[in-house]
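Reviewing the structure listed below.
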Amino acid sequence: MKPQVKKNLLGKYEIKFDCPKCGVRLTSPLLDAGEIDDCPDCRTKFRVPGKQQREAYEAKLAKEKAEKEAEKALRDEERRVAVEEKRLKQEERRLQQEEEQRRREMILAQEEEERRRTELANLLPPTVHGQIVDSPVSQGAISDVAECPFCAELVSLRARKCKHCGELLDPVLRAAEESRRASAVPQIVNVVHGGNATASADAAASADASISSASSCGGCISAIILLIIIVACAGALSG
């Protein structure tokens, strides 16, 4: 009988053939085809038939193995690609989070800087921006004038007496005038207390003359007022 290749219950391929001497039906694994074997009945040695079937079977097994390996390699590559894509997505998400964090920190830093500038601006005195208005004094001479401390009118910095109110502006002259006024008042008071009305009038007249010659127009007015007060006091004492 012609050799037959079949699959057993275990899924292995076997070859069935007859012993070339005694004709007993024998079964050998397909992988033994082409190998030397002996009959279990007659002990005759023979070559197991089915070498071509074994080669075809081995080629089939090699093809199936290559296909399985290719499929496995493809699955491994797909798995690797999936893992790499997942890693890239995670890395992209991490970079986006870091960029968002940097933007938030930058915004907070800008807000903090603006807050500090506002606080510093509130601590500094306000800056007044103004312009020079028209005045009777020319712009070229504005640096040579100042306000009079008595009448607030503009006078020259070199002036020794205010032309508006008559007050002395020179500190030396004003100190001398004030010392003369202070020394003249006690003499007049002493004369009045002595009971001599005529002497009081003469002393007042001499004091008035002295004050009139040394002071300006404003000093004259002050002396006249002082004289009136002294005369009134003298009249009251003599009465």
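Structure notes:
- Strands (runs of 3 or more DSSP E) contained in region 23-84 and holding at least 1 residues more than 60 Å from the chain's Cα centre (by Cα) and under 14 Å from V5 (Cβ atoms): 25-29
Every residue, every condition in (1) at pLDDT 90 or above; (2) farther than 18 Å from T27 by Cβ, yes or no:
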| position | (1), (2) |
| --- | --- |
| C39 | no, no |
| E64 | no, yes |
| E69 | yes, yes |
| E78 | yes, yes |
| K89 | yes, yes |
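- Residue list for region 85-110, restricted to those being open to solvent by less than 100 Å² (accessible area, probe 1.4 Å) and either basic (K, R) or outside any helix (DSSP H, G or I) (or both): R94
- Residue in region 156-163 that is open to solvent by 40 Å² or more (accessible area, probe 1.4 Å), aliphatic (A, V, I, L, M) and at pLDDT 55 or above present: yes
- Residue satisfying condition, being β-branched (V, I, T) and over 21 Å from N8 (Cα atoms), within set T44, T27: T44
- Residue match in region 111-130 (condition: open to solvent by 100 Å² or more (accessible area, probe 1.4 Å), at pLDDT below 80 and in a helix (DSSP H, G or I)): yes
- Cβ-Cβ contacts under 6 Å between residues 6 or more apart (or on different chains), taken from a first residue in region 45-65 that is under 14 Å from A33 (Cα atoms) to a second residue that is part of a loop (DSSP other than H, G, I, E, B) and among the hydrophobic types (A, V, I, L, M, F, W, C), are listed as V48/A33; G50/A33; K51/A33; R54/A33.
- Scope region 1-18; condition free of Cβ contacts under 8 Å to residues at least 12 places away in the same chain and in a strand (DSSP E or B); matching residues: K6, K7
The values are calculated or read from the model by the stated rules, or taken from the named source; none is laboratory data. Everything numeric here is computed off the predicted structure, so don't read it as measured data. Heads up, the Cβs are rebuilt from the backbone with ideal geometry, glycines too, and the neighbour counts pull from every protein chain shown. The accessibility values were calculated without ligands, DNA or RNA, using every heavy atom of the protein model including side chains. Shrake-Rupley method; radii C 1.70, N 1.55, O 1.52, S 1.80 Å.
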